[in-house]
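Chemist: Once you've had a glance at the structure underneath, I'll fire off some questions.
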């Protein structure tokens, strides 16, 4: 079981079925990406079965080369692992974005120094002529 599904299940169970600060779009994306990861990893684990399924459904030729099939299997295994890991990385990234959503979009208190700088920049912008060549300094 991928770590994101396990962590999401734990968060869901701890909050009595409600995930308060983990938006629904992030949850949906995580579930879809986890399913894609599992499918790609399944293809990488058993490329022969998936190749045979594809050949049975879509291929019209009956003469298959053993060497060609072996090459196809090796290629499917390589690309399946690469694609599965890409899905996993994107899945974990969206999971972290969903978990940190609350903290990224929360208004934080500004310090006295930041308030002073903001008021100074606003004061300079108000008194500066519109066509002035002075650049604003922060």
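Chemist: Scanning segment 91-110 for residues that are outside any helix (DSSP H, G or I) and over 26 Å from residue 35 (Cα atoms), which turns out nearest to the chain's Cα centre (by Cα)?
Modeler: This residue is 105.
Chemist: Can you confirm whether segment 124-136 contains a residue that is modelled with pLDDT of 90 or more, out of contact with any helix residue (DSSP H, G or I) (no Cβ under 7 Å at 6 or more places or on another chain) and assigned to a helix (DSSP H, G or I)? Please lay out each step first, then the result.
Modeler: Step one: of segment 124-136, the residues modelled with pLDDT of 90 or more are none.
No; the residues of segment 124-136 include none that is modelled with pLDDT of 90 or more, out of contact with any helix residue (DSSP H, G or I) (no Cβ under 7 Å at 6 or more places or on another chain) and assigned to a helix (DSSP H, G or I).
Per-residue answers, yes or no, for (1) within 23 Å of residue 88 (Cα to Cα); (2) free of Cβ contacts under 8 Å to residues at least 24 places away in the same chain; (3) not in a helix (DSSP H, G or I):
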site	(1), (2), (3)
33	yes, no, no
37	yes, no, no
40	yes, no, no
50	yes, no, no
53	no, yes, no
61	no, yes, yes
69	no, yes, no
72	no, no, no
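The values are calculated or read from the model by the stated rules, or taken from the named source; none is laboratory data. None of the values given here were measured: they were computed from a predicted structure. With ideal geometry, Cβ positions are generated from the backbone for all residues, glycine too; neighbour counts draw on all protein chains shown.
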